[in-house]
1. Just a yes or no: is a residue in segment 138-154 closer than 22 Å to Ala230 by Cα, of a type outside the set (D, E, K, R) and touching a Lys or Arg at 6+ places or on another chain (Cβ under 6 Å)?
2. Regarding Ser207, is this residue surrounded by fewer than 17 Cβ atoms within 10 Å (Cβ to Cβ), modelled with pLDDT of 90 or more, outside the structural domain of Ile160 (by TED's automatic domain parsing) and of a type outside the set (A, V, I, L, M, F, W, C)?
3. How many residues are under 20 Å from Ala304 (Cα atoms) and surrounded by fewer than 24 Cβ atoms within 10 Å (Cβ to Cβ) when one looks only at segment 448-460?
4. Please enumerate the residues belonging to segment 122-137 that are assigned to a loop (DSSP other than H, G, I, E, B), among the hydrophobic types (A, V, I, L, M, F, W, C) and either touching a Lys or Arg at 6+ places or on another chain (Cβ under 8 Å) or over 11 Å from Leu72 (Cβ atoms) (or both).
5. Could you please give the count of residues in segment 209-242 that are within 14 Å of Asn186 (Cβ to Cβ) and aliphatic (A, V, I, L, M)?
6. Could you please find all residues in segment 253-268 being without any contact (Cβ under 8 Å) to a residue 24 or more places away in the chain and under 17 Å from Glu140 (Cβ atoms)?
7. Scan segment 350-369 residue by residue and report those that are at pLDDT 90 or above, of a type outside the set (Gly, Ala, Ser) and more than 21 Å from Ala325 (Cα to Cα).
8. Given the condition part of a loop (DSSP other than H, G, I, E, B), crowded, with 16+ Cβ neighbours inside 10 Å and at pLDDT below 90, answer yes or no: does some residue in segment 248-255 qualify?
Amino acid sequence: MTMLRRDGKSKTTNNKNGWEGRLRPGVGAALVLFLTSAVMLFAPALQAHDLPSPQAEEGQADIDSQDSFLILQTNLHPPYQELQNGMLSGYSVSVLNCVFERIGVGYGLAIAPRQRNREMVRNGKADGFFLARISDAMDEYAVATNPLALEKWVWVSSSIKSDDPRVSRRPKPGDFTTVGAILGSNEAEWLGEQGYNDVMRVPSIASLVGQVAAGRVEYALVDKHSFEIARNELGLGAEKFMVQFERYAPLVVYFSKSYVAAFPDMLDELNAVLEFCETRPMHLEPWERDAIEQAQLPIVRQFANSPELVAHVQDQLAGMIHPTADEKRLTDAEWKAMARNGETSATATEILGNELSEYLRVFQTSVGDQVAEAFVFDTHGEIVGMSRLTSDFDQSDETQFQMVESINRDQALITDIWYDASTRAFLSQITVPVIDPDTGRTLAALTVGLNVSAALRPES
């Protein structure tokens, strides 16, 4: 293991236990982990305010101004960051381990309260912090990555009868409802921005859930997943609470502007590999799937069956020469490589310029921010039209490719929620077949990427 000392020197032994670091007995305030390449090593636990800043290490033998080693602040927030048997783990930690291994950057983690983490980055005592919602205030002194996770914020209150008029009520700023949130949390910050002036701030999710159960807080705004974990740990049944969806909140890592200025390529490299390290889609709940089927699916079906779209698809397919298997692989590989850098291959440029793609852009604009992308692929899985650049050309290895074989005009595929780097949005894709009305033959399939943050908010 590498023991990171204040003088920047290190002592190395082997650690074969994987990606986690361990807290020393009796130390619960902070933890430093040292990651380099594919092995996570650990250093003595320190208080967060005792950590050396990168500026303090400049000019020393082992960590100089050209070393991209960084210190990230975080807080305990199950299931994203949590301690298990003294080991720091969780979804976001796993993602960052994967990301920094891929780009070859060493980093340390320090645990402290969320508010202190932000202040340390603001004051130049740390290089970044996570997980945080995107906010204008933090944008002033830090730069956000692409999202690592998507929280589902819900209002939690005591259970009431289904015929009670308060069932569909959500607290509004300025009313006399007691609203609670975790001290220093993303939710607490958002409530303040929305005009909730008298928010009861409690130190932990367990305490907040207990306050709701005891009737001392009428409504609490919390992440749904975190709430369920806390509720189960407290031994409280789901029947004791009413849960109402409020909004989705993408969570990011914020890097200080000074660190990004010193290492301008790091953020782009991190974002480029992030999509390969995220492995957990967010499953659509029954109410979410029902909402999509009732509100958005009819619009997508109508568009797929419109004479104008069918005519554009037929025109695009007419006389089309399909590449060989080897040519298709090469086209797809070039498309993917250039798309990761925000560039378009010659094939992609040609497709973006055709009339079908233009018609898809008109559709996307008419629907508004609920749709992040729309594209059409043929029965070979090849993109033939797209409102914006997709991440790949060949769709034949994707789940939605089954739709081109559909003989049921009413069939549709709705995917779970996942982050799409090409649109920088959390999407649920709706795919339906495009049918020739004269022959009943499937011509192609239409996929519409639904931006769930916009499409599933309550006012939608």
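1. yes
2. no
3. Of the residues in that region, 2 qualify.
4. Listed by number, the list holds a single entry, Ile134.
5. 3
6. Ala261
7. Matches in segment 350-369: Leu352, Asn354, Glu355, Leu356, Glu358, Tyr359, Leu360, Arg361, Val362, Phe363, Gln364, Thr365.
8. No, that holds for no residue.
The values are calculated or read from the model by the stated rules, or taken from the named source; none is laboratory data. It should be emphasised that the depicted structure is a prediction, and the values quoted were computed from it without experimental measurement. Don't worry about glycine lacking a Cβ; one is built from the backbone with ideal geometry, like all the others, and counts go over all protein chains shown.
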